[in-house]
Amino acid sequence: MTLRERRLRTAAYWFVLPAALFFILLNAYPLITVLWDSIHFKNLLNKSLSGFSGLSNFKEVIHNEYFAKALWNTVVWTVLSVAGEYAMGLVSAVALNQQVRGRSLFRAIIIIPWVVPIVIAGMTWTWMLTPDYGIINLWLTKLGIIDKPYYWLGELDTALLTVVFVNIWRSFPFYTISLLASLQSVSRDMLEAAAIDGAGVRTRFFRIVMPQLKIVSLTVIFIHVIWTAINFDFIWVMTEGGPLYASETLPIMIYRYAMESYNFGNASALASMMLGFMICGFILYYLFSQRKSRT
């Protein structure tokens, strides 16, 4: 290696060093701290209890009376949200891919829910859904769909589903943009040839269009499964996990452990469990994508 190459390599290291330090301080250090706290007793209200805990924190979290409910709510919240977002994103992407007048305007408008901050969106929908003065209840009452105003966010059966609906409304434009970009790469010549051969609209869509969207669909779904499963602020703004823990998910449970009970050991243990779930999901997704690429 020449002197010039060594100097260039040294200079490259110096340029990378700030980014590496930023990554360590922002991601690596907090992650290591969480993993470390998960196997140690750390409660700010009982500092006499300290030291290595082993799996005690994990056992205490699992045996919590609300853990099973929070786990189920997290699954329902994630599955319904991602499924609804993908369905609405696909429908809107197909619609916006058609040659219609004002298409550019519709494409610009549909992105509005995605750019609205979560706190503003959550508070706005909370006001709209209020039984006393909410416009949603007013419309539904006037249309005869319901007899009287309903407390959508305050009932055990509808609280979580209502937040899921609002989350779908806000997040589906991300799917729309991603799928629309992929739809524009589908060969129109291939579609026209299939139509000439007698293939109907449904056949062309499921046999030609959908296979072209497979990679983008899997990528977007995988990303949103992670984003949705760890989402805290949307549910907290609208219901705070209530009523009676009906909409509490695992991230909210972590918040309660850390910021209400000040039990950072249990909070870190639950966060580590969620991290393990995400890593397993990533590995499965990677193996699945690798197998698909070989076939």
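The values are calculated or read from the model by the stated rules, or taken from the named source; none is laboratory data. A quick note: this is a predicted structure, and the numbers were derived from the prediction, not measured. Cβ coordinates were reconstructed from backbone atoms using ideal geometry, including for glycine residues, and neighbour counts include every protein chain displayed. Just the protein is used for accessible areas: all its heavy atoms, side chains included, with ligands, DNA and RNA removed. Shrake-Rupley method; radii C 1.70, N 1.55, O 1.52, S 1.80 Å.
Restricting the range 94-197 to chymotrypsin sites (Phe, Trp or Tyr not before Pro) that sit in a DSSP loop and have at most 10 other Cβ atoms within 10 Å of their own Cβ leaves Tyr133. Just so you know, the Rg over Rh for the range 67-247 is 1.05, from Cα atoms, with Rh as the Kirkwood radius. At a 1.4 Å probe, what is the % contribution of carbon and sulfur to the accessible area of the range 67-247? Taking all protein chains in place, the range 67-247 shows 68 percent carbon and sulfur surface. Rounded to the nearest Hz, the phi-derived 3J(HN,Hα) couplings of the range 55-65 under the Karplus curve 6.51 cos²θ - 1.76 cosθ + 1.60 (θ = phi - 60°) are 9, 4, 4, 5, 5, 5, 5, 5, 7, 4, 5, where x marks glycine and proline. Reported to the nearest whole Å, the Cα centre-to-centre distance from the range 36-57 to the range 173-232 is 49. Mind checking which lysines have their C-alpha under 24 Å from Lys69, skipping anything on the same chain fewer than 8 residues away? Answer for Lys69, where 24 Å is the Cα cut-off: Lys59, listed by chain and number. For the range 265-281, putting each phi into the Karplus relation 6.51 cos²θ - 1.76 cosθ + 1.60 with θ = phi - 60° gives couplings of x, 5, 4, 5, 5, 5, 5, 5, 5, 5, 4, x, 4, 5, 5, 4, x Hz, in residue order, rounded to whole numbers and with x for Gly and Pro. Backbone geometry of the range 166-174 corresponds, through the Karplus equation with coefficients 6.51, -1.76 and 1.60 at θ = phi - 60°, to 3J(HN,Hα) couplings of 5, 5, 4, 4, 7, 9, 5, x, 4 Hz, x marking Gly and Pro.
Kirkwood analysis of the range 3-53, using all unique Cα-Cα pairs, places the hydrodynamic radius at 13.9 Å. Taking amide hydrogens as placed 1.01 Å from N in the peptide plane, the amide H of His40 sits under 5 Å from those of Ser53, each at least 5 positions away in sequence or on another chain. The residues of the range 67-247 expose, per residue, 57 Å² of accessible area to a 1.4 Å probe. Using a Debye calculation, one point per C-alpha and no hydration shell, please list log10 I(q)/I(0) for the range 1-145 at q = 0.12 Å⁻¹ in order. Treating every Cα as an identical point scatterer, log10 I(q)/I(0) equals -1.01. Put simply, when 84-92, 68-76 are sorted by average Cβ atoms within 10 angstrom per residue, most first, you get 84-92, 68-76.
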